[in-house]
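Below is one structure; the comments refer to it alone.
The values are calculated or read from the model by the stated rules, or taken from the named source; none is laboratory data. Keep in mind that this is a model prediction, so the values were computed, not measured. As a convention, Cβ positions derive from the backbone with ideal geometry for all residues, glycine included, and neighbour counts pool all protein chains shown. Note: accessible area is taken over every heavy atom of the protein model, side chains too, but ligands, DNA and RNA are not part of it. Shrake-Rupley method; radii C 1.70, N 1.55, O 1.52, S 1.80 Å.
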2 protein chains.
Amino acid sequence: MVTSRDVAKLAKVSVSTVSRAFREDVYISEEKKKKVFDAAIQLGYTPNLVARSLKNQKSGVIGLILTDIDNIFFSIVSRVIESDLKRQGYRLLVTYNTYNSDNMEQEADNLNLLSASRADGIIFTPKSIKNQSIIERFRKQGIAMVQMYRLAYPDIDSVLIDDQKGAYMATKHLLQHGHRNILLLSIDNSIYQDIRVPGNIYSDPRSEGYKKAMQEEGVPIADASMMNLPVLMDAREMIKQRINEIKPTAIIAGTNLIARDAIKACKEQGFSIPNDISMVMFDDVDFASLLDITTVSQPINEIGHIAGRSMIDQLNKNRPNSPLHVSLEPILISRNSVRNLYHNADKQ
Amino acid sequence: MVTSRDVAKLAKVSVSTVSRAFREDVYISEEKKKKVFDAAIQLGYTPNLVARSLKNQKSGVIGLILTDIDNIFFSIVSRVIESDLKRQGYRLLVTYNTYNSDNMEQEADNLNLLSASRADGIIFTPKSIKNQSIIERFRKQGIAMVQMYRLAYPDIDSVLIDDQKGAYMATKHLLQHGHRNILLLSIDNSIYQDIRVPGNIYSDPRSEGYKKAMQEEGVPIADASMMNLPVLMDAREMIKQRINEIKPTAIIAGTNLIARDAIKACKEQGFSIPNDISMVMFDDVDFASLLDITTVSQPINEIGHIAGRSMIDQLNKNRPNSPLHVSLEPILISRNSVRNLYHNADKQ
DNA sequence: TTGAAAGCGCTAACAT
DNA sequence: ATGTTAGCGCTTTCAA
């Protein structure tokens, strides 16, 4: 391996001069700088970022913990974050929490791995509230942290999408079109059961938003009309059963994965959308526009930008003492998957 | 920051003993090991991977260069690779080539960044053949390398999908159903123009496979029936124009992005699939099964596993001298987007 | 089995 | 403006 010593020798300068050349230090003459660069090119020298990290006590690495569900979502977010952080001279160490294994332990492993790698900061989506002590330790060590998509630790920055609002909007939209028997398909509670922050805001936000909208219209809520589906499993049969049980006029699908299963379930039962069953789904993925489905669209790019900006601000200490919590509003993209029951029944 | 010295002091041993404890060295007694771990836990000590990297001349980091197109594809691949490499004690530094800017220079920047980070290996999708000299230098430095999805450098390991075969299968399938006027929508040649390896195998493989199948059946190929679409651009209008120009009975969409635009184009023109126009698309994404579209499915997970395995083998020097080139066969998933013209016209 | 000490490649304080 | 040198936290040779 070619080191700054080799370059120094060839350029007939000292190692500190080589170092200065590559750090755009002011205390170096153009003449020496040129000599250094010439020698460096000749030898194929690149400064060793590992050595620099050790010396500087700053790695220039940001850890990103992703999960293996919701691929599309996280692939976009990570691209945005990488690009924003690269512009500030940081690189991205990516780690995955795979679903279904021991959540808490795996998250702890990933956090510790990133800390052992001496990441200057960590951006992650909390899976549980139980790693509080690790988070606390990291905070003391001065590791910058941002949680995205879920809020588990009140003391660190967060950027989330207001899923409660999203569910509220979806429900309201359906109510306005005359639907009363609405089936909410949300994700398994177990993701949220550990993430109850004071105020209890984040215990299955979709259910909360749904209830709120229904209550505002004075529509009674049957227990069976809110369903929590296991993640990473084909939920078609469960959905079919429930449809046949409560005969909803509309379905709200809480994620694109659920929507996929729900659409297939409807099709397999011979129900057409929107003629037999109306639908509103979360996540504006490709198939939503292709199938003309009304969508609660998540501002995915913005999540990435804000998470990145939040990280940078912390690293630059441009920060108030208290954590910043950002909640992004989803938008409803209205297409042709919701039938207006008022028109048909002349109820309006 | 708590270091091995601190732990040594508290455990009343030397720093080398601490080091030995954490590397599962044989030359350490259980008794001392326990003392070390106790002290480490008490202090919250984690070995500093940066320092270890510097000393060992081995970072334990693998660089992964992704592109920002084909999100779904790469998000799956990176998850598989991360998981396989983590199991071998490596971590993943992820970088993106954004499309549309200067391909070659950006690729060079990313390669150099990874090399500066002293990545032990690099997995990437070549964008151009022009960084040969960098690749050559890395090889000499002993950086393990794997190219995936495209073969640009004959001297380094590759794992690709046989797109030519895929296009051949798609075309053959349509021919067998009586189609003769088939429009191939492929990606912009510019991606491939720099990636012509000896034998010229990789100059727009989809076109090659298409031509081969057509020629085997003795069907003449009109120039207008092969179209190369720009990436990252709404191609609907271009597609509509071409459809109206040549009135194809079937379309082959070379990627899921192209398929998305083609489906919309058909719908907007009032053509239904498969009644008016048949379709076969590449990539078995969600909307393919939802819309019941026949698909050339890429073994995405396998690409990741093989790339990871190839990397590990290189790192462990379990390798012959010559590079390994793996080509994966796509599979045709037959659904209901291809109309059988023989049945209708009684031609059979 | 354990400890002392050198050194990985870089930066920065200090000296010139 | 440039050079000398100590030291970042770890591993490893060598000696005990």
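Observations on the model:
- Among (1) touching a strand residue (DSSP E or B) at 6+ places or on another chain (Cβ under 8 Å); (2) more than 16 Å from DNA strand D (Cβ to nearest atom); (3) over 30 Å from A:Asp286 (Cβ atoms); (4) not in a helix (DSSP H, G or I) - the single one B:Arg139 does not satisfy: (4)
- Scan of the range B:142-170 for residues that are assigned to a helix (DSSP H, G or I) and in contact with a Lys or Arg (Cβ under 8 Å, 6 or more places away or on another chain), ordered by number: B:Asp163, B:Gln164, B:Gly166, B:Ala167, B:Tyr168
- Scanning the range B:173-182 for residues that are surrounded by fewer than 23 Cβ atoms within 10 Å (Cβ to Cβ) and among the hydrophobic types (A, V, I, L, M, F, W, C) gives a single hit, B:Leu175.
- Of all residues in the range A:314-333, those that are over 19 Å from A:Phe138 (Cβ atoms) have Cβ atoms under 8 Å from Cβ atoms of residues that are among the basic types (Lys, Arg), 6 or more apart or on another chain, in A:Glu329/A:Lys165; A:Pro330/A:Lys165.
- Candidate set: the range B:224-237, residues that are over 26 Å from the mean Cα position of the chain (by Cα) and under 22 Å from B:Lys211 (Cα atoms); chosen: the one surrounded by the fewest Cβ atoms within 10 Å (Cβ to Cβ): B:Ala224
- For first residues located in the range B:15-38 and farther than 16 Å from B:Thr3 by Cβ and without any contact (Cβ under 8 Å) to a residue 40 or more places away in the chain, partners that are part of a helix (DSSP H, G or I) and near DNA strand C (Cβ under 6 Å from one of its atoms) and lie 6+ apart or on another chain with Cβ distances below 6 Å form the pairs B:Lys32/B:Thr17.
- Taking the range A:149-163 as the range and being touching a helix residue (DSSP H, G or I) at 6+ places or on another chain (Cβ under 6 Å) and modelled with pLDDT of 95 or more as the test, the residues that pass are A:Asp157, A:Val159.
- Tally of residues being over 23 Å from B:Val77 (Cβ atoms) and either touching a residue at least 24 places away in the same chain (Cβ under 8 Å) or open to solvent by less than 40 Å² (accessible area, probe 1.4 Å) (or both) across the range B:127-172: 5
- Selection status of B:Ser16, within 9 Å of DNA strand D (Cβ to nearest atom) and either surrounded by 13 or more Cβ atoms within 10 Å (Cβ to Cβ) or among the β-branched types (Val, Ile, Thr) (or both): yes
- Matching residues in the range A:32-48 - criterion: being away from chain B (no Cβ under 14 Å) and exposed (fewer than 14 other Cβ atoms within 10 Å of the Cβ): A:Lys34, A:Asp38
- Filter result for A:Ser29 (open to solvent by 10 Å² or more (accessible area, probe 1.4 Å), more than 13 Å from DNA strand C (Cβ to nearest atom) and within 8 Å of chain B (Cβ to nearest Cβ)): no
- Residues that are part of a loop (DSSP other than H, G, I, E, B) and either open to solvent by less than 10 Å² (accessible area, probe 1.4 Å) or modelled with pLDDT of 95 or more (or both) within the range B:85-126 comprise B:Gln88, B:Gly89, B:Tyr90, B:Ser117, B:Arg118, B:Ala119, B:Asp120, B:Thr125, B:Pro126, listed in sequence order.
- Residue in the range A:50-58 that is more than 9 Å from DNA strand D (Cβ to nearest atom), within 14 Å of chain B (Cβ to nearest Cβ) and in contact with a strand residue (DSSP E or B) (Cβ under 7 Å, 6 or more places away or on another chain) present: no
Quick grid of which residues meet (1) open to solvent by less than 40 Å² (accessible area, probe 1.4 Å); (2) assigned by TED's automatic domain parsing to the domain that holds A:Ile65; (3) in contact (Cβ under 8 Å) with a residue 60 or more places away in the chain:
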{"position": "A:Lys240", "(1), (2), (3)": "yes, no, no"}
{"position": "A:Thr249", "(1), (2), (3)": "no, no, yes"}
{"position": "A:Thr255", "(1), (2), (3)": "yes, no, yes"}
{"position": "A:Ile258", "(1), (2), (3)": "yes, no, yes"}
{"position": "A:Cys266", "(1), (2), (3)": "yes, no, no"}
{"position": "A:Phe271", "(1), (2), (3)": "no, no, no"}
{"position": "A:Leu291", "(1), (2), (3)": "no, no, no"}
{"position": "A:Arg309", "(1), (2), (3)": "no, yes, yes"}
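- A:Gly178 within 23 Å of A:Asn275 (Cα to Cα), among the small types (Gly, Ala, Ser) and at pLDDT 95 or above: yes
- Of all the residues in the range B:40-56, those that are within 12 Å of DNA strand C (Cβ to nearest atom) and under 10 Å from B:Val7 (Cβ atoms) number 0.
- Checking each residue in the range B:59-68 for being part of a loop (DSSP other than H, G, I, E, B), open to solvent by less than 20 Å² (accessible area, probe 1.4 Å) and either at pLDDT below 95 or facing chain A (nearest Cβ under 8 Å) (or both) picks out only B:Ser59.
- Top-ranked residue in the range A:9-19 [being within 12 Å of A:Lys34 (Cα to Cα) and within 9 Å of DNA strand C (Cβ to nearest atom); ranked as nearest to the chain's Cα centre (by Cα)]: A:Val18
- Of everything in the range B:75-101 that is free of Cβ contacts under 8 Å to residues at least 24 places away in the same chain and more than 7 Å from every other protein chain (Cβ to nearest Cβ), the residue that is farthest from B:Thr125 (Cα to Cα) is B:Arg87.
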